[in-house]
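Here's the structure we're looking at; comments come further down.
Laboratory data are not the source of any read-out in this text; all were calculated from the coordinates shown. Just so it is clear, the structure is predicted and the values come from calculations on it, not from any experiment. Ideal geometry is used to build each Cβ from the backbone, glycine not excepted, and the neighbour counts take in all protein chains shown.
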Amino acid sequence: ELGSCPRESPSFHSCFTTLTIAREPRSKHRAKDGAVGTSQGCANASSGAATAVTTALFEPGGDEQTPQVVVLVGAPGMGKTTVVRKVMVEWGEGMLHKQFDFVFCVDCKAIALPMEASVADLVSQCCPGLRVPARKILDDQKKILFIFDGFEALGFSLVQPEAELSSDPGEVKPLELTLMSLLKKTLLPEASLLITTRPTALGSLGRCLEGEYYVEILGFSAARREEYFHRYFENPNKADMAFRFARGNEILYSLCVIPVMSWTVCTILEREFCGTKNLLECSKATTGMMMFYLSQLLKHRDNPQVLQQFLLQLCSLAADGIWKHKVLFEEKEIKDCGLDQPGLLPFFLNERITTEGEDDGSVYAFTHLHLQEFFAAMFYVLEDDGEMVSSLGRLEKDVNKLLESYSKSRKDLNVTVRFLFGLVSQKSIEYMDKTIGCRISPRAREELLKWLQGRHRGLSHPGQALKVSEMDTFHFLFEMNEKSFAQSALSHFTDLDLQDTKLTLYDQMALSFCIQHWDGLGCVTLQGCSFHWQDPEAELDVSVPCALRREELPSPIHLLCRALRHRGSALRVLRLQWCRLSESCCAELAALLQEQPSLARLELGDSSLGDGGVRLLCEGLRAPGCRLRVLR
């Protein structure tokens, strides 16, 4: 940042989490076909082309050449500015980039740059307290690094006559000519450049540079995501619980590859800690996180009508892509939809140049697949006053068609349907209107309710109790997080039956929420299910530090039993068969026996309860409130 002194930021290292990057020379980068989506970025990083930033920025590449020009590419929120700050801090402390005696950083987004300037003027503006004349500093070009952060914000035309470019550091020219002279290396040809930009500026920027290296920020790897959570929270136990919450939600965990999304999740969970002191009572589902993320991206947007129209077109594009299994969109589609707005488009779509050449088209992709699914869900509920016209054709806002397709064959629509439930909650409708200025129609609520009630009736055999046997139902209801809606959706059913399901912490929270608002629930059957409070793979790896070593976690069935003990419960039968319960579960079961007089039958097949566990169950059986008749 202008005028900043890296040595004044001693705590930066304690806050910085290493990002994963892919580094390659111009020829390979331009030859790529299609877009690298953030959802796959860190997964693809294991191929060997990826490394950690910031040490690799000016290291020799595979061709043994040390780059003079590095273009750092990333979507909004991927951490480009943070990387720049890291470079400045490490250079200022003498840790890295020791080949440079001077580093001049220009924040293109924040600085009011002069209309005309020489390079010497820019140096003086960056460091007004310099004791050495700028012209003298510029004499030793190899020792200088210029950083331009947020280059796309300049908005300059990068097509300038070659004859007007400068070669004199002291020559005052229009700013775009001075910058073009640096890029084209007619000015200070031996100086190094670090340019950060969003993908949308790559096409024009690439035509100005020679021999540049591209560094694409892929986001947080799995290990770095966990590290970020621990750096964010000062309390290690809170960090463990927050990360388990995110890790158990596949959608949320996948989105946390985007650094700003990790920040969003941590920020919201921190508020939950302050409010409830217990994350097990967290009411923030994935949709709430996404809306907060969207509100942060669109902060200080002045024209609500323009934003509403842009989002309508964006949602239409997203939904059309989801229906067609399409994640890449051609430049013509973007323009025909009216989405070619440089002030908004880069927040949501990445541009990727497909092949070499000035006239070649570009393709665009949403920053993450789950973002596309979120906007696809918004398409069905965002009010448009019937005025929207799209080149994609009039894609029907038929919620029933979406739900029917999901039920029959399109299981890939699961995330879109889940977001749909979250968007039509009363809290979501109010939040979107207040913070973003978007009107969400509540009309889909009734269709969602009828669909939930109807799908499980169809799965139940005639003459048998009506049961819910799909875990996604609980995800949908938890996403909406409305007590009255959950009660209405579940009121016609009496049984819960899940088979061979790995229940993450997030799954258990969703299940617990629904059970607490399911007044007619009489029979719960869980066969071959397992209860996980952290990543199941990590639980099997003895080398992974276990959170239990810091603070003993509740019993694996704590959330389930707590929900079953709620007032008004009519539970008669509980079957936990082949769930591999251990002695640690017996205290919860004993409490359930004491507090749930309606419970008449308990089956615990294939469980290793141990002598201590059996004693705890016996205490529960002797309690005055226990009415159990059958124990197996």
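Counted by Cβ distance under 12 Å from MET378, the other residues give a net charge of -1, where Lys and Arg count +1 and Asp and Glu count -1.
Got a sec? How would CYS438, CYS523 order by Cβ neighbour count within 10 Å, fewest to most? Mind showing how you got there, number by number?
Details: CYS438 24, CYS523 17.
Starting with the residue having the fewest Cβ neighbours, the order is CYS523, CYS438.
All other residues whose Cβ lies under 13 angstrom from that of LYS136 are scored, Lys and Arg at +1 and Asp and Glu at -1, for a net of 0. Footprinting exposure proxy ranking of LYS173, LYS326, fewest other C-beta atoms within 10 angstrom first, gives LYS326, LYS173.
Just want the ordering: VAL87, VAL123, VAL172, from fewest to most Cβ atoms lying within 10 Å of their own Cβ. Let's see the in-between values first.
Numbers: VAL87 25, VAL123 22, VAL172 16.
Ordered by Cβ neighbours within 10 Å, fewest first: VAL172, VAL123, VAL87.
Distance between the pseudo-spin-label points of MET471 and GLU210 (7 Å out from Cα toward the beta carbon): 5.8 nm.
Filter the cross-link list LYS109/LYS427; LYS434/LYS502; LYS299/LYS502; LYS411/LYS467 down to pairs whose alpha-carbon distance in this structure exceeds 27 Å. If you can, show how the numbers build up before the last one.
Numbers: LYS109/LYS427 34 Å; LYS434/LYS502 38 Å; LYS299/LYS502 39 Å; LYS411/LYS467 21 Å.
Check vs 27 Å cut-off fails for LYS109/LYS427; LYS434/LYS502; LYS299/LYS502.
Loop-located GluC sites (Glu not before Pro) across segment 196-241 with a Cβ neighbour count of 14 or fewer within 10 Å are GLU210, GLU234, with loop assigned by DSSP. In summary, the lysines within cross-link reach of LYS335, defined as a Cα separation below 18 angstrom excluding same-chain residues under 8 places away, comprise LYS326. Placing pseudo-labels 7 Å out from each Cα toward the beta carbon at LYS324 and SER167 gives an inter-label distance of 5.1 nm.
Ranked highest first by average number of other Cβ atoms within 10 Å, how do 310-323, 260-273 line up?
Working: 310-323: 23.4, 260-273: 19.9.
In decreasing order of mean packing, 310-323, 260-273 become 310-323, 260-273.
Whole-Hz Karplus values for segment 95-102 come out as 7, 9, 6, 5, 6, 9, 8, 9 Hz, taken residue by residue from phi with 6.51 cos²θ - 1.76 cosθ + 1.60 and θ = phi - 60°; glycine and proline positions read x. Extending 7 Å from the Cα toward the beta-carbon at both SER488 and ASP340 defines two label points whose distance is 4.5 nm. Each other residue within a Cβ distance under 14 Å of PHE100 adds +1 if Lys or Arg and -1 if Asp or Glu, for a net charge of -3.
Sequence-distant contacts, meaning Cα pairs under 8 Å at least 6 residues apart, place the relative contact order of segment 179-313 at 16 percent.
Karplus-derived 3J(HN,Hα) values for segment 211-217, using 6.51 cos²θ - 1.76 cosθ + 1.60 with θ = phi - 60°, are x, 6, 10, 9, 10, 9, 7 Hz; glycine and proline are entered as x.
Let's test the formula: R0 of 60 Å, r as the Cβ-Cβ distance of ASP412 and ASN303. What FRET efficiency results, to the nearest 0.05?
Details: r = 35 Å, r/R0 = 0.59.
About 0.95, to the nearest 0.05.
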